[in-house]
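Heads up: the structure comes next, in structure tokens.
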Amino acid sequence: MSSVPEVTCRTRSKRLPWFFLGAGAAGLILVVARLLITSGPPDGWILTGLLLLPLGVGGGYAAVVRVHADADGLSYRTLLHRRSARWEDIADVRVYLQRGRHSDIHRVEVVTRGGPVWRLPLPVGPSSEGQAAYDDTVEALRALHRLHGTPESDHLVVITASTAGRGSGLAAVLCALFLAGAALAAWSAPVVAETKLAWTSAVPCAADSSARDRDCLTTLSSVIARTEVNKGKGSSYLFFTDGRPIDRLAVSREGAQGFEAGDRVELTLWRGQVREVIGDEHVWREHFPAAGEITVVAALCVLAAGMSGAVVVQRRRGRRLPVDELLPSSAPFAGALVGTAVWALPYCYRHPTLVPDTAGDVVWAGLGSLASLALLFWAWHATRVRTPGTDLASPTDMASASGDGDVFLPARFLESTDYNPNGFGTHIVLGADGPAVTPHPGPGRFAARPIPVERLTVRTVRRPRGGDGDLVPRGWDIAELDDAGRQIRLAAAPDHLGRILRTFTNGRAPAPAGGPGER
């Protein structure tokens, strides 16, 4: 690809953008003409013109957008922006994955030296021509960069949602929103408790009272005119004859199903609203939430904020890692928060003020807090950023084997080779017959393909990157091997990879790649 003289990316269709641009222009003319002709309210013609205007903006963008790269540098233009840079001023060309509705959207980022990071409007993958066309365009841009500039990385950097280079702004915003929700719920808990106490302690209004007291109970008789049962999640309604005392009352679905047209009911009013409907065979009462329910909502918001905060902390811990290196999963923090919820949510429901009433409650809260601290400490240790190659197993480790002496270890070659055609292997079997690739965890060497270890040379061991694909778990390591001049990658858990590489090298452990230690 280094012989490619230039790369130009434009919208594939040349006629469709101009068609949309013409439709938008027609819509603009229609709106202006209609406003000049009539001074009345907007009619259907004006609404039609307004609907055509966004099509014109989209068509104009598609007609103008262009990315061009040649020996002089790289440039792009859109409807509102125009930028260019020489290859000497560009540090790297990398891939950025955005989450789409059905699949990831591949974009191209240009990292300038000492400047901003550009996200090119084109190419976008997977395109209508397929993912291969997008990959070829990216490789052509990188080939021009290698030929006329000095790239910072010797491999294609891929930024995904799990890599260290992904920002934590969304997680921080979610954390702040959940904390705000928790504060609002905590503030409303005393108000809810006071309201429910006032309802349960309310008494009927005095018979000689000239004015109805809002805090006492007033009873009225009425007749159900009809019911409206909503089959969805919305409210159902009771309608009353002659609209007395109100035209309709929103109730639950079960509450509406319990009444029929013509039923005589008694309505209980409190603080100006109907709170209870009593019939001959059915009773509906408005639900007043308990203070404990609101405290549980506040606790759930705090736990959700803790999960978002754990994501922010994880990205902070990996700030010195390469931008495309996968970060450890935040799942251990999720486990710690779930363990906290097991004891904290029942406690919050029984003690809305969080103050224990008895010695048993003190023990409950104390032991639960200690358990949560232990879980968080375990999660912090489990999500540490580990230096690759430090957990290599010795040849005598992992003595579990099947009856014939073979040991099956989960591992994957990420490239297709003669001993791993089409990437079919999921395990590597070690034993007296030599290492082999198998598509199953054993027992037996059915469909196994021997690995020519005499051709393999270990180059380095590193952590997974965003470009290694979805088949590599975050906790695995990757060994880069030389297979008779071709570079291939082998992925496995650190202890499994250590044993496999020791078998490949006849006991000579590979030198681990340099990198940060634990954080």
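Please find, among 49, 114, 27, the residue that is under 33 Å from the mean Cα position of the chain (by Cα) and over 24 Å from residue 468 (Cα atoms).
Only one candidate passes the filter, namely 114.
Please enumerate the residues belonging to the stretch 251-267 that are surrounded by 19 or more Cβ atoms within 10 Å (Cβ to Cβ) and either at pLDDT 90 or above or outside any loop (DSSP other than H, G, I, E, B) (or both).
Of everything in the stretch 251-267, those that are surrounded by 19 or more Cβ atoms within 10 Å (Cβ to Cβ) and either at pLDDT 90 or above or outside any loop (DSSP other than H, G, I, E, B) (or both) turn out to be 251, 255, 256, 265, 267.
Among 448, 436, which is the only one that is over 30 Å from residue 386 (Cα atoms) and in contact (Cβ under 8 Å) with a residue 12 or more places away in the chain?
448
Starting from residues that are of a type in the set (S, T, N, Q) and free of Cβ contacts under 8 Å to residues at least 40 places away in the same chain, keep the ones in the stretch 75-119 and report whichever is surrounded by the fewest Cβ atoms within 10 Å (Cβ to Cβ).
For the stretch 75-119, the residue satisfying everything is 103.
Does residue 460 satisfy the condition of being within 23 Å of residue 153 (Cβ to Cβ) and of a type in the set (Val, Ile, Thr)?
Spelling it out, residue 460 is indeed within 23 Å of residue 153 (Cβ to Cβ) and of a type in the set (Val, Ile, Thr).
Got a number for residues in the stretch 276-320 being at pLDDT below 90, surrounded by fewer than 21 Cβ atoms within 10 Å (Cβ to Cβ) and over 30 Å from residue 197 (Cα atoms)?
Result for the stretch 276-320: 2.
Any idea which residue in the stretch 120-138 is farthest from residue 12 (Cα to Cα), counting only those that are buried (at least 19 other Cβ atoms within 10 Å of the Cβ) and touching a Phe, Trp or Tyr at 6+ places or on another chain (Cβ under 7 Å)?
Once the filter is applied, the top-ranked residue is 120.
Considering every residue within the stretch 141-158, establish whether at least one is at positive phi, open to solvent by 20 Å² or more (accessible area, probe 1.4 Å) and free of Cβ contacts under 8 Å to residues at least 40 places away in the same chain.
No, every residue in the stretch 141-158 fails to be at positive phi, open to solvent by 20 Å² or more (accessible area, probe 1.4 Å) and free of Cβ contacts under 8 Å to residues at least 40 places away in the same chain.
Open to solvent by 50 Å² or more (accessible area, probe 1.4 Å), more than 30 Å from residue 149 (Cβ to Cβ) and out of contact with any strand residue (DSSP E or B) (no Cβ under 7 Å at 6 or more places or on another chain) - does that describe any residue in the stretch 61-68?
The answer is no; no qualifying residue exists.
In the stretch 253-307, what count of residues is obtained for those that are hydroxyl-bearing (Ser, Thr, Tyr) and within 29 Å of residue 347 (Cβ to Cβ)?
Of the residues in that region, 1 qualify.
Might you check whether a residue that is open to solvent by less than 90 Å² (accessible area, probe 1.4 Å) and in contact with a Phe, Trp or Tyr (Cβ under 8 Å, 6 or more places away or on another chain) occurs anywhere in the stretch 37-50?
No - not one qualifying residue is present in the stretch 37-50.
Restricting to the stretch 449-473, give me the number of residues that are open to solvent by 80 Å² or more (accessible area, probe 1.4 Å) and basic (Lys, Arg).
Of the residues in the stretch 449-473, 3 are open to solvent by 80 Å² or more (accessible area, probe 1.4 Å) and basic (Lys, Arg).
Which of the numbered conditions does residue 346 fail, given that it passes all the others? Conditions: (1) within 30 Å of residue 109 (Cα to Cα); (2) modelled with pLDDT of 90 or more; (3) open to solvent by 20 Å² or more (accessible area, probe 1.4 Å).
(1)
Please determine, by comparing only the residues of the stretch 291-342 that are assigned to a loop (DSSP other than H, G, I, E, B) and in contact with a helix residue (DSSP H, G or I) (Cβ under 6 Å, 6 or more places away or on another chain), which one is farthest from residue 97 (Cα to Cα).
This residue is 330.
Scan the stretch 470-503 for residues that are without any contact (Cβ under 8 Å) to a residue 24 or more places away in the chain and under 19 Å from residue 429 (Cβ atoms) and report the count.
1
Quick check on the stretch 216-227. Is at least one of its residues without any contact (Cβ under 8 Å) to a residue 40 or more places away in the chain, surrounded by 13 or more Cβ atoms within 10 Å (Cβ to Cβ), within 30 Å of residue 261 (Cβ to Cβ) and of a type in the set (Val, Ile, Thr)?
yes
Looking only at residues that are modelled with pLDDT of 85 or more and outside any helix (DSSP H, G or I) in the stretch 195-216, which one is nearest to residue 353 (Cα to Cα)?
201
Condition (residue is assigned to a loop (DSSP other than H, G, I, E, B) and over 23 Å from residue 83 (Cα atoms)) applied to the stretch 16-31: is it met by at least one residue?
no
Take residue 55 and decide whether it is over 18 Å from residue 123 (Cβ atoms), crowded, with 16+ Cβ neighbours inside 10 Å, out of contact with any Ser or Thr (no Cβ under 7 Å at 6 or more places or on another chain) and among the aliphatic types (A, V, I, L, M).
Yes; evaluated as a whole, the condition is true for this residue.
The values are calculated or read from the model by the stated rules, or taken from the named source; none is laboratory data. Since the structure is predicted, the reported quantities are computational estimates derived from the model, not experimental observations. Here Cβ is always computed from backbone atoms with ideal geometry, including for glycine, and neighbour counts include all displayed protein chains. Note: areas computed on protein heavy atoms with side chains; ligands, DNA, RNA excluded. Shrake-Rupley method; radii C 1.70, N 1.55, O 1.52, S 1.80 Å.
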